[in-house]
Structure formats: C-alpha cells, structure tokens
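**Student:** What follows is a single structure, and I will ask about it in a moment.
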Amino acid sequence: MKKLRFIDLFCGIGGFRIAFEEACEENGLAAECVFSSDIDKFAQDSYEENFGERPFGDITKIDEKEIPDHDILFAGFPCQAFSIIGLRGGFDDTRGTLFFDVARILREKKPKSFILLDF
C-alpha cells in the first residue's frame, strides 16, 4: 500500500495529524508524517509526547530544500494577523508573513495538494 506522505507545519500538538491519520485509516490508506514544525517549545514537547518525534522549530529558518518530498502539505498558521479578533495587521504583522514561508515550501516541493487553515 502506497503511503501518503505529508508535512505538518505550525503543527501545535498535532490536531491536523491526528485527524488525517484517522481519516486515512478509516479509508484503508496509509499516512506517513515526514516533517513537522512549530516554534512553540511547549507545543513541541506535547507533539513529541504524542508522536515520539520532535517538530523542527522556526519555519522561517528552515531551508525548504531540506524538507523531505511529500504528497500533502498541512499548515495551520496563526490567524491573529487576519482575524477580526486580532489587530488585523495582515502582512505587516510578522505572523501574517508566515504565509510566504508556506508559499516558499510549496514552490520548491510542489506537493500534489495542500490544506491551509487559519486558526
């Protein structure tokens, strides 16, 4: 069975990963997370406890060429820069510019699909 290889950006404690792996299992598919990243140390600690692997840190400092090839990119980037609850600084807010790091990775790796969620 071919595995669907995915990466988990801004992974937090792994909600995207859990949902995707369960959906794959329910549909007779195999899933393999080949890379994860989150800047928050406490989220990294929880993710490592949940999955036995520690996410890489700050995505802005990771060379996109070093990220393994993958079929699907998941990114749940921070919403504060765009949300009506936040200050809506958009791309002037550092958190808003993280979108461009996702675009940089997509441009280099060209996965078959991607899902971006603005939390």
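Quick note: the coordinates plus some simple rules give every number you see, no bench work behind them. What you see is a predicted model, and the numbers here were worked out from it, not measured in a lab. With ideal geometry, Cβ positions are generated from the backbone for all residues, glycine too; neighbour counts draw on all protein chains shown.
**Student:** Given R₀ = 22 Å, FRET efficiency for ASP69-PHE42 by Cβ-Cβ distance, to 0.05?
**Tutor:** That pair, ASP69 with PHE42, gives E of 0.15.
**Student:** Using the Karplus curve 6.51 cos²θ - 1.76 cosθ + 1.60 with θ = phi - 60°, work out ³J(HN,Hα) for each residue of the range 102-116 in order, rounded to whole Hz, and write x for Gly and Pro.
**Tutor:** The phi angles translate into 4, 4, 4, 5, 4, 4, 6, 8, 6, x, 5, 7, 8, 10, 10 Hz.
**Student:** Same structure, new question: If you count, for each residue, the other Cβ atoms within 10 Å and average over each peptide, how do 39-45, 62-68, 10-16 line up from highest to lowest?
**Tutor:** The densest-packed peptide leads the list: 10-16, 39-45, 62-68.
**Student:** Still on this model: Fewest first, what order do ARG107, ARG54, ARG5 take by the number of other Cβ atoms within 10 Å?
**Tutor:** Taking fewest neighbouring Cβ atoms as first place, the list is ARG107, ARG54, ARG5.
**Student:** Something else: Label-point separation (nm) for THR60 and ILE115, each offset 7 Å from Cα along Cα-to-Cβ?
**Tutor:** 2.8
**Student:** Only counting other Cβ atoms within 10 Å, I'd like LEU9, LEU29, LEU4 sorted with the fewest neighbours first. Don't skip to the answer; put the middle values down first.
**Tutor:** On the way: LEU9 25, LEU29 14, LEU4 18.
Fewest-to-most Cβ neighbours within 10 Å comes out as LEU29, LEU4, LEU9.
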